[in-house]
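The values are calculated or read from the model by the stated rules, or taken from the named source; none is laboratory data. Owing to the predicted nature of the structure, the values given are computational and were not obtained by experimental measurement. Side chains included, ligands, DNA and RNA excluded: accessible areas come from the protein's heavy atoms. Shrake-Rupley method; radii C 1.70, N 1.55, O 1.52, S 1.80 Å.
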Amino acid sequence: MLYNQTYNLDQVAFASEGIKDAQQTMTAMKAANKELKGMMKTVRIEDIDSMQDEMMDLMDVSNEIQETLGRSYNVPDDIDEEELMGELDALEADMDFESNSVPSYLQPDKETDLDSELNLPAAPSGHAAIPANRQKKSMATCLRSL
């Protein structure tokens, strides 16, 4: 009996919480409704339609520009598709051949070492000496010359 009474009290508490949640939801919905009505007064469907029309016109102009820029020159009107497919097959065959062999840029260098043939001296190391005919100018001298 005590268990049934506890269960009934829990059910009443649950129903009470549900009603409070519903009240809060209704309050939030009323506030949102009021805010939306206020916002709708500032928005006109005519403005939206005119903006959409402007956007469509701009997109048409953009497409026209892209078509103009994409125009090809000196391309014959009667392109033979079979000939193009033959060229594509030949390119694929070349690619298959190259993929099975070592590409030219990865093959060992066949040229002789030019440095050893020219007998060039080794690159200098360390600091170079300043020639005697060069004099250090003072900052004041540099400024006066300007």
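Quick look at the values:
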read-out: Every residue from the range 66-83 that is under 25 Å from the mean Cα position of the chain (by Cα) and either open to solvent by 90 Å² or more (accessible area, probe 1.4 Å) or of a type in the set (Asp, Glu) (or both); value: Gln66, Glu67, Leu69
read-out: Residue list for the range 37-60, restricted to those being open to solvent by 100 Å² or more (accessible area, probe 1.4 Å), of a type in the set (D, E, K, R) and in a helix (DSSP H, G or I); value: Lys37, Lys41, Glu46, Glu54
